[in-house]
Amino acid sequence: MTSGPEVSPRAAAVSAHRGGSEAAPGGTYDAYRHAAGTGAEYVEFDVRRTMDGELVDYHDEQAASGQAVASLGYSRLCRLAGYEVPRVADVMRLIAGRAIGHVDLKETGEGALAAVELALDLLGAGNFVATTPADASVAAIRTRYPQASAALTVRATPAGPGERPGRPLERIRACRADWAAVDHRAASPALLAELRGAGIRVLVWTINGDAELTRWLAEPGVDVVVTDQPGRAITLRDRQRPSAG
């Protein structure tokens, strides 16, 4: 059982994408501090590993210099980024007990497993879900850490590293994911119904704007809506709920 915040079964939960960008640039400490106070049930952050072994929240594979994050030390990455790049452990500590971690793995292999082990230590089983498009990474997580939830990322145009061909549900069953993280452009009613019928929980990403948020928050088969506007999403969701009494 998760000890994180609960949401009405009548509407999807909200995940703050990179902490959201309503009050500060996404992917910064200020964004995560804001996200933790919006009421969003989940907070999403990326995971990469630097040359000196730091797990950092950094979305892109390369820094502004064109150098791969994996080839840079942490201090050098911060200088190139022009801000203090959040350490993953710090983000986890910031949201622990306030939101469920949405751990978007940009690493594969041991880097991905190290992030999951850290999440188990700092957030606890049931208080995070790890997402990755790499089938082998999901399988490795579910084998080594069966208590951890893992989502296979389903993109609208798959073909990235580690992504196997095949229908989403077939891939999900093969790697034993218990979630699917679905690009909204690929989230057809048929796919959502198929996943729901198989007992697979679904995150849909990334949704912004009032009309789209209103639609996806009420979409059958969607458990979590990922957005850059978590505060706005909470407001819109509250308007959808019937009043008490």
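Every number in this text was worked out from the coordinates using simple rules, so none of it is lab data. Remember, it's a predicted structure, so these values are computed and weren't measured experimentally. Note: ideal-geometry Cβ built from the backbone for every residue, glycine included; neighbour counts use all protein chains shown.
What's the exposure ranking of Ile200, Ile100, going from fewest to most Cβ atoms within 10 Å?
Starting with the residue having the fewest Cβ neighbours, the order is Ile200, Ile100.
Could you check the simple spin-label distance between Leu80 and Thr214, using points 7 Å along Cα→Cβ, in nm with one decimal?
With each label point 7 Å from Cα toward Cβ, the separation is 4.4 nm.
Note the direction-averaged projected area, equal to a quarter of the hull surface, for the Cα convex hull of the range 201-242, in nm².
2.7
Could you give the length gained on full extension between Arg185 and Ala24, defined as 0.36 nm per residue of separation minus the Cα-Cα distance, in nm?
Extra length available between Arg185 and Ala24 comes to 55.3 nm.
Only helical DSSP H runs with n ≥ 4 go in: add -39500 (n - 2.57) per run for the chain, normalise by residue count and round the 222 nm mean residue ellipticity to 500 deg cm²/dmol.
-9500 deg cm²/dmol
Name the long-range amide H neighbours of Gln62: under 5 Å, sequence gap of 5 or more, or other chain; modelled H, no Pro or chain starts.
Placed amide hydrogens put Val69 under 5 Å from Gln62.
Antiparallel as a % of all DSSP beta bridges within the chain, to the nearest 5?
Bridges in the chain are about 10 percent antiparallel.
If you compute Rg and Dmax of the Cα atoms in Å for the structure shown, which of [x] 17.2, 59; [y] 19.3, 63; [z] 18.1, 53 do you land on?
Matching the structure shown: [x].
For the range 74-218, report the translational diffusion coefficient in µm²/s to the nearest whole number, using Stokes-Einstein at 25 °C, 0.890 mPa s, and a Kirkwood Rh over Cα pairs.
The Stokes-Einstein estimate is 151 µm²/s.
Scan around Glu44 for amide H atoms under 5 Å from its own, H built in the peptide plane at 1.01 Å from N, and keep only partners 5 or more places away or cross-chain.
The answer is Ala16, His17, Arg18, Gly19, His102.
When DSSP assigns beta bridges and you keep just the ones with both residues in the range 12-143, what percent turn out antiparallel, to the nearest 5?
Around 25 percent of the beta bridges assigned by DSSP in the range 12-143 are antiparallel ones.
Can you give me the span-like helices of the chain, meaning DSSP H runs with 18 Å or more of Cα extent along the axis and Kyte-Doolittle mean at or above -1.0?
109-122
Apply 1/(1 + (r/R0)^6) to the Cβ-Cβ distance of Asp52 and Thr235, taking R0 = 41 Å, and write down the FRET efficiency to the nearest 0.05.
0.50
What is the local net charge at Leu169, summed over the other residues whose Cβ is closer than 12 Å to its Cβ (Lys, Arg +1; Asp, Glu -1)?
Local charge sum for Leu169: +2.
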